[in-house]
């Protein structure tokens, strides 16, 4: 008769505390970056009244990448914009949508100020002039990456949104994991 040894419990090797420590550090950096980027959008909006807008297309690359958040200072009806200001304005081709493009020329037609605009990545100017009263405001700050969740929702990319949420939840939960020796 042969003796069979009882199964031994699986224990973590000497590398486990280091791996957990690395995961916690990486998670901490990720969470701090998320908090910093979120606060960089919230604080200017609260202090100055700027409006955050998520950029969903590449027409303003390289200055403003898709997934960036632009902080827009509300338009003043008595002040006008000049080249090279970046304006957010009502999109004439998509009612209810905003467009964020650069001023390439300012003209006054029949006493009304209007702007010729163009996306930095576009080869030609936008087809029509933007009347001053269609301007929502001027871009005062660009915050990269913060608008990604908004862009994913706008574009219907729910897989990217779900992956980002999963990574974020895992990063926060990793902060509370303790290594067992």
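List of remarks:
- Qualifying residue in segment 18-25 (condition: part of a helix (DSSP H, G or I), touching a helix residue (DSSP H, G or I) at 6+ places or on another chain (Cβ under 7 Å) and either modelled with pLDDT of 80 or more or on the phi > 0 side of the Ramachandran plot (or both)): yes
- Pairing residues of segment 31-52 that are farther than 11 Å from residue 71 by Cα with residues that are at pLDDT below 85, at Cβ distances under 8 Å and at least 6 apart in sequence or on separate chains, gives 31/175.
- When residue 64 is tested against the conditions (1) in contact with a strand residue (DSSP E or B) (Cβ under 7 Å, 6 or more places away or on another chain); (2) more than 26 Å from residue 29 (Cβ to Cβ), the lone failure is (2).
- Out of 156, 119, 128, 147, one residue alone is free of Cβ contacts under 8 Å to residues at least 60 places away in the same chain and closer than 16 Å to residue 57 by Cβ. It is 156.
- Filtered residues of segment 92-110 (kept if closer than 22 Å to residue 155 by Cα and at pLDDT 90 or above): 98, 99, 100, 101
- Scope segment 94-130; condition exposed (fewer than 13 other Cβ atoms within 10 Å of the Cβ) and not in a loop (DSSP other than H, G, I, E, B); matching residues: 107, 108, 109, 112
- Of the candidates 146, 139, the single residue that is surrounded by 16 or more Cβ atoms within 10 Å (Cβ to Cβ), at pLDDT below 90 and outside any helix (DSSP H, G or I) is 146.
- Residue list for segment 74-91, filter: in contact with a strand residue (DSSP E or B) (Cβ under 8 Å, 6 or more places away or on another chain) and in contact (Cβ under 8 Å) with a residue 24 or more places away in the chain: 74, 75, 80, 81, 82, 85, 86, 87, 88, 89, 90
- Residue 134 vs. criteria modelled with pLDDT under 95, touching a helix residue (DSSP H, G or I) at 6+ places or on another chain (Cβ under 6 Å), surrounded by 15 or more Cβ atoms within 10 Å (Cβ to Cβ) and under 27 Å from residue 45 (Cβ atoms): no
- With respect to (1) assigned to a helix (DSSP H, G or I); (2) surrounded by 13 or more Cβ atoms within 10 Å (Cβ to Cβ); (3) at pLDDT below 90; (4) over 15 Å from the mean Cα position of the chain (by Cα), the lone exception for residue 173 is condition (2).
The values are calculated or read from the model by the stated rules, or taken from the named source; none is laboratory data. No experiment lies behind these values; they were computed from the predicted model shown. Virtual Cβ from ideal backbone geometry, glycine too; neighbours counted across all protein chains shown.
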